[in-house]
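Worksheet for the structure shown next.
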Amino acid sequence: MTYRIAELIADSLIAHGVDRAFGVPGESFLPLLDALHDRDQIDLVTCRHEGSASLAAVADAKLTGRAGVVMASRGPGAFNAALGLHVAAQEAIPLMMLVGQVDRPNLDREAVQEVDCSRSFDGVLKWAVRLDVAALVPEMMARAFAIAQSGTPGPVAVELPEDLLADMADGLVARTHGTVQPEAGADAIEKAGVMLAASERPILLVGGECRTTAFRQDLVALSEKWNVPVVVAAKMQDQFPNDHSLWAGQLGFFTAPAHMKLFERADLIVAIGSRLGDLSSLGFSFPRQSAPRQPLVQVYPDPVSIGTRFQTDLAIVSGAHAFVRGMLALCASPQERTAWRQKIVAARTATHGWPRSGVPPNDVFGHAVAAIASHFRPDGVVTTDSGNFAGWVHRTFSFQPTARLLGSACGAMGSGVPSGLAASLRYPDRQVIAFCGDGGFLMTGNELATAVARGADLKIVISNNNSYGTIRSHQERTFPNRPYGTDLSNPDFAALARAYGAAGYCICDARGAPAIVAEAMSTKGPVVIEVRSDVHQSPDKSIAAASR
């Protein structure tokens, strides 16, 4: 029986727990496609664009905790897929990009579509490797997965010369390397406990380094045991129960004044599973570095990510869950913090409390989102593309840790539909709702064809305001009454959905939203709900009107 390097690579994927990959086929890795043909352990999802394939792989990694896998051909394919590389690097998500490469005799000769991933994506990739020696393939594949998942997770590129894939692999077997899982020492845990017990106004700031069900359960237990409120980083609203008395809310691109006042008063910040980037630190202003400086405990598995931007009073190199478990094992002596908890409730209400009955009639999208939220199941999955429309989702939906939220934390447009596709394939029995703007949908919405081909039970909600709305809002603030380059001419999205073979609905006014949403949400298979929105509306305007 012949055993090719292509088979060895397929077996390596299986050995590392890969059960699904996304990609666009290319002639440069035909032997690998042939090897996957005979391996039922891996579901290959054929996409319509490498960019959306890479975004789907990133979303799948968020759901599984394992490295996502995207396959692309060299040159244009790799550069199309680079969108996912950037997102994975920005959001610390493990991602493997397998790139078909020219055959080895023609390397470095400017052959058609040749690409050097190491040079082309320098500054984005954690590591790039070209497999050019058969004997080293098992080691290099194992190293690639280990690097992608260790420390600060991120993207890795593996180049596959097409002639190597056809080489014999007799005597070679797939292998795995262990990944480093650092845990906090007893001394560090004790110091954190002392600082937490002494503080009057502490905040737990939780990022997305760990997203498991067990972690979320233990996080709730930790907050209750130590009587400390929890705020989550952008697009992490599902990390903590949104109806819990210690829920302080979610950080985002535009922090509400109520949250700003709250954070200014904190006397201890315990950052768990966050690198403290610009969004989770309010533009690198929180924790405050000027006098009186706010003490900081930072917990992250990569020492390089600790102390790089802020003076850190206690640096703990540890996974988030290991730290939380350690804190739960301590004997706690929490303060009552009654006044502080009252401040938390007030800030949360101001930023996340939206009386749905008071949404003004001209805010059609606000009514549509409220109607959709009324049908949302506790274990449902919501994905959001980048754009102002996501503000309605975050204000209206109340998430439990049993649900999942896949958002564009780094602001990359086009993530909504690919993320929804990945979630609907990963959880075919769960409700999946993808929210998009008209701009983002027309970047990657062609994956609706993939959803139809797969029979995915995916609901796609499009806010159609005929504009790149987020850019338009920035434009209006900086150059009032001078919009330029942000207007869009859109198709009939409901009709487009039907042309793809999906169900299509259109909401044109607030009164019709509940009935149309009820019918759309009960329809099986891919569904598009187009909402005719007003570019001049924003969730803040709607909330202000509702509070009057």
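A quick yes/no check of all residues on (1) part of a helix (DSSP H, G or I); (2) crowded, with 21+ Cβ neighbours inside 10 Å; (3) assigned by TED's automatic domain parsing to the domain that holds MET140; (4) not β-branched (Val, Ile, Thr):
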| site | (1), (2), (3), (4) |
| --- | --- |
| SER12 | yes, yes, yes, yes |
| PRO31 | yes, yes, yes, yes |
| LEU55 | yes, yes, yes, yes |
| LEU98 | no, yes, yes, yes |
| PRO105 | yes, no, yes, yes |
| ASP108 | no, no, yes, yes |
| SER118 | yes, no, yes, yes |
(request) Hey, can you tell me all the residues within segment 476-489 that are under 27 Å from the mean Cα position of the chain (by Cα) and either of a type outside the set (A, V, I, L, M) or modelled with pLDDT of 95 or more (or both)? (result) THR486
(request) Please verify whether segment 375-390 includes one or more residues that are assigned to a strand (DSSP E or B), buried (at least 24 other Cβ atoms within 10 Å of the Cβ) and either assigned by TED's automatic domain parsing to the domain that holds ASN80 or not aliphatic (A, V, I, L, M) (or both). (result) yes
(request) Would you be able to say whether some residue in segment 72-83 is surrounded by fewer than 20 Cβ atoms within 10 Å (Cβ to Cβ), part of a loop (DSSP other than H, G, I, E, B) and at negative phi? (result) no
(request) Go through segment 216-231 and give me each residue that's assigned to a helix (DSSP H, G or I), buried (at least 22 other Cβ atoms within 10 Å of the Cβ) and either polar (S, T, N, Q) or touching a Gly at 6+ places or on another chain (Cβ under 9 Å) (or both). (result) SER223, TRP226
(request) Return only the number of the condition from (1) touching a helix residue (DSSP H, G or I) at 6+ places or on another chain (Cβ under 6 Å); (2) assigned to a strand (DSSP E or B) that VAL45 does not satisfy. (result) (1)
(request) Mind listing just one residue for me: the one in segment 79-129 that is more than 30 Å from LEU279 (Cβ to Cβ) and in contact with a Phe, Trp or Tyr (Cβ under 9 Å, 6 or more places away or on another chain) and, of those, modelled with the lowest pLDDT? (result) VAL115
(message) I'd like to verify a number: residues in segment 514-534 that are within 14 Å of PHE365 (Cα to Cα) and in contact with a Gly (Cβ under 9 Å, 6 or more places away or on another chain), how many?
(response) 3
(message) Just to be sure before I move on: is LEU160 buried (at least 18 other Cβ atoms within 10 Å of the Cβ), at pLDDT 95 or above, over 18 Å from TYR300 (Cβ atoms) and under 22 Å from the mean Cα position of the chain (by Cα) in the structure I sent?
(response) no
(request) For segment 321-329, indicate whether the set of residues that are within 30 Å of PRO153 (Cα to Cα), free of Cβ contacts under 8 Å to residues at least 60 places away in the same chain and out of contact with any Cys (no Cβ under 7 Å at 6 or more places or on another chain) is non-empty. (result) no
(request) Select from segment 326-374 the residues that are surrounded by fewer than 17 Cβ atoms within 10 Å (Cβ to Cβ), among the small types (Gly, Ala, Ser) and under 30 Å from ARG201 (Cβ atoms) and write down the one among them that is modelled with the lowest pLDDT. (result) GLY353
(message) Can you tell me which condition ASP132 does not meet? The list is (1) assigned to a helix (DSSP H, G or I); (2) modelled with pLDDT under 95; (3) of a type in the set (Asp, Glu), and all the others hold.
(response) (1)
(message) Suppose the filter is assigned to a loop (DSSP other than H, G, I, E, B), at pLDDT below 90 and buried (at least 20 other Cβ atoms within 10 Å of the Cβ); does SER285 pass it?
(response) no
(request) Report yes if some residue within segment 520-537 is out of contact with any strand residue (DSSP E or B) (no Cβ under 8 Å at 6 or more places or on another chain), surrounded by 13 or more Cβ atoms within 10 Å (Cβ to Cβ), of a type in the set (Ser, Thr, Tyr) and modelled with pLDDT under 95; otherwise report no. (result) no
(request) Answer yes or no as to whether SER489 is touching a Ser or Thr at 6+ places or on another chain (Cβ under 8 Å) and among the polar types (S, T, N, Q). (result) no
(request) For residues that are surrounded by fewer than 19 Cβ atoms within 10 Å (Cβ to Cβ) and either touching a helix residue (DSSP H, G or I) at 6+ places or on another chain (Cβ under 9 Å) or at pLDDT below 90 (or both), tally how many sit in segment 232-255. (result) 4
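The values are calculated or read from the model by the stated rules, or taken from the named source; none is laboratory data. Just so we're clear, the structure is a prediction, and the values are computed from it rather than from any experiment. Note that we place each Cβ from the backbone using ideal geometry, even for glycine, and neighbour counts take in every protein chain shown.
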